[in-house]
Amino acid sequence: YVAAVYEHESILSPTPAALVERRSALELMGRNLDVYEQQVLAAARQGAQIIVFPEDGIHGFNFTRSSIYPYLDFVPHSPSGKWNPCREPYLFNDTEVVQRLSCMALKNKMFLVANLGTKQPCERSDPRCPSDGRYQFNTNVALAADGTLLATYRKHNLYFEYAFDTPPEPDYTFFDTPFAGKFGMFTCFDILFFEPAVNLIRQYNLKQIVYPTAWMNQLPLLSAVEFQQAFATAFNVNILAANIHHPTLGMTGSGIYTPVKSFIYHNMESYGGKLIVAEIPVITTDYKTNLEKTPGRVSEKGKEQSPPSFYAEMMYDNFTFVPVWGDKGELQVCANTLCCYLNYHRAVLTDELYALGVFDGLHTVHGTYYVQACALVKCGGLSFSTCGQEVTDATALIDFQLWGNMSTPYIFPLLLTSGITLDFADHMGWKNNHYFLSKNRTSSGLLTAALYGRWYEKD
């Protein structure tokens, strides 16, 4: 099927904390919706059957609970697929945004997924009802090609979004399409947690995901395109991921991903939005057997003496590292219950420092979640203290096999190359209770090769 995602540079309110009338909120959102309209038209001309827009794309961000209120639409939760906002605008008040989205879908005969703020009045008798008498949700809507409202999803894992409420229960949201079957739906930070993302995919055996996000890149392990790709690979799904484009805030990185190929956009230099349109196969069966097909050699461990280990901070976590010296070798480094192993060979020795790092513990900055990670990274400079820094360019081409005795089945294989481009492993999967990732010769200089494990039970 043909899918489209749009990385949108949203027109932001210069004073998001100020209280405004609904009319001026609609005026600002209308300017963003004008851009959406052009992009749906452009996608339709390229044959797209579905388009996904980013999180916060219509209203922007940095609101307070009260200042966002005029920007919120009323959208009935759990729609029955009976309401067509474009054709029946009179059914509910305050639905101007969803009406426009519905009309875009209808006019271009395209499925459309967008993110907006919604409100829902609640009863004083509801113990969770906020003191102002309403819930405010960060919501995705999915509209059918005839403009019908198919599904809503309310973001569960909020990322310091004080204007919004967490829904009382996680939403497990998916919608059906004639061209690719069911699509699951979640938002941004949700991708790092079991609820609802992983549970949704497993429970309903979903193979296509739509994913609006407003993601601030964090190298070396959590750049948007890097993690989106890893998620598609780990769960054997197609992901249509639309991010916001605001390079000054570190926000870029969208794509259309299959488990074996990706069409990405990552651009920290220029301004303006970007439409990605790609034709991808519908996934029907499990590729899981691919993971077992060629168990690379897991060599005898620890015959050689590893170089001295050192500590450095990476992604706000205290990693234990060993330097990757010379043109080839075998290394191991351990922390808590996790040991990471690396066999490597460099075709040409460059003067770049690489290190193999391990972390097995609770990550506590900008969210709390348990990580088990084995990571081969390029350091920022030549001293140990630069290992774990954000690096965007590299020249070293390295053949490697990386593996670890991970305690969780949820491993996200990361492979990032120079200029924030993606590469694919030759082989990966489980063998003898170890997860491994191997690659002969990356397509360009290696930035990160990592096994990013999420041990959800220990969150």
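Gain on full extension, evaluated as 0.36 nm per residue between Thr368 and Thr408 minus their Cα-Cα distance, stands at 12.7 nm. In this structure the amide hydrogen of Ile209, modeled in the peptide plane, comes within under 5 Å of the amide hydrogens of Gly184, Asn238, Ile239, Leu240, none closer than 5 places in sequence on its chain.
Classification of the range 389-459 by its C-alpha gyration tensor yields an oblate form. The axis ratio a/c (a ≥ b ≥ c) is 1.5 or more, and b/c is at least a/b.
For the pair Asn267 and Lys107 in one chain, pulling the backbone fully straight at 0.36 nm per residue adds 54.5 nm over the alpha carbon distance.
The largest accessible area among Trp83, Trp325 belongs to the first residue in Trp325, Trp83, and the rest follow in falling order (1.4 Å probe, all chains). Can you give the FRET efficiency to the nearest 0.05 for Leu249 and Glu313, using r as the Cβ-Cβ distance and R₀ = 22 Å? Given R0 = 22 Å and the Cβ-Cβ separation, E is 0.50. Taken along the Cα-to-beta-carbon direction at a fixed 7 Å, the label points for Ser80 and Arg124 span 3.1 nm.
Longest segment of the chain with no GluC sites (Glu not before Pro) in a DSSP loop having at most 10 other Cβ atoms within 10 Å?
Details: sites that count: Glu21, Glu123, Glu269, Glu300, Glu304.
Of all site-free stretches, the longest is 305-459.
Any idea what the alpha-carbon Rg over 2.2 N^0.38 Å comes to for the range 94-247? Normalised by 2.2 N^0.38 Å, the Cα Rg of the range 94-247 equals 1.07. Per-residue ellipticity at 222 nm computed for the chain from its helices equals -4000 deg cm²/dmol, with DSSP H segments shorter than 4 residues left out and the rest contributing -39,500 (n - 2.57). Within the shell defined by Cβ-Cβ distances under 14 Å, the residues around Glu27 carry a net charge of +1, with Lys and Arg each +1 and Asp and Glu each -1. Note on exposure: Lys378, Lys458 ranked by accessible area (1.4 Å probe, complete protein assembly) read Lys458, Lys378, with the most exposed listed first. Counted by Cβ distance under 14 Å from Glu195, the other residues give a net charge of -1, where Lys and Arg count +1 and Asp and Glu count -1. Kindly identify the range 2-279 as rounded, prolate or oblate by the Cα gyration tensor criterion: order the square roots of the eigenvalues as a ≥ b ≥ c, call it rounded if a/c is under 1.5, otherwise compare a/b with b/c, prolate if a/b is larger, else oblate. Rounded, since a/c falls under 1.5. The phi-based Karplus calculation (6.51 cos²θ - 1.76 cosθ + 1.60; θ = phi - 60°) puts the 3J(HN,Hα) values of the range 182-191 at 7, 10, x, 9, 8, 9, 6, 4, 3, 5 Hz, whole numbers, x for Gly and Pro.
What's the carbon and sulfur percent of the chain's accessible surface, probe 1.4 angstrom, rounded to a whole number?
On the way: 9320 of 18040 Å².
Heavy-atom surface of the chain belonging to carbon and sulfur, 1.4 Å probe: 52 percent.
The values are calculated or read from the model by the stated rules, or taken from the named source; none is laboratory data. Note that this is a predicted model, so its numbers are computed, not measured. Glycine gets a Cβ as well: all are built from the backbone with ideal geometry, and neighbour counts include every protein chain shown. The protein model used for the area step is the full one, side chains on, heavy atoms only, and it has no ligands, DNA or RNA in it. Shrake-Rupley method; radii C 1.70, N 1.55, O 1.52, S 1.80 Å.
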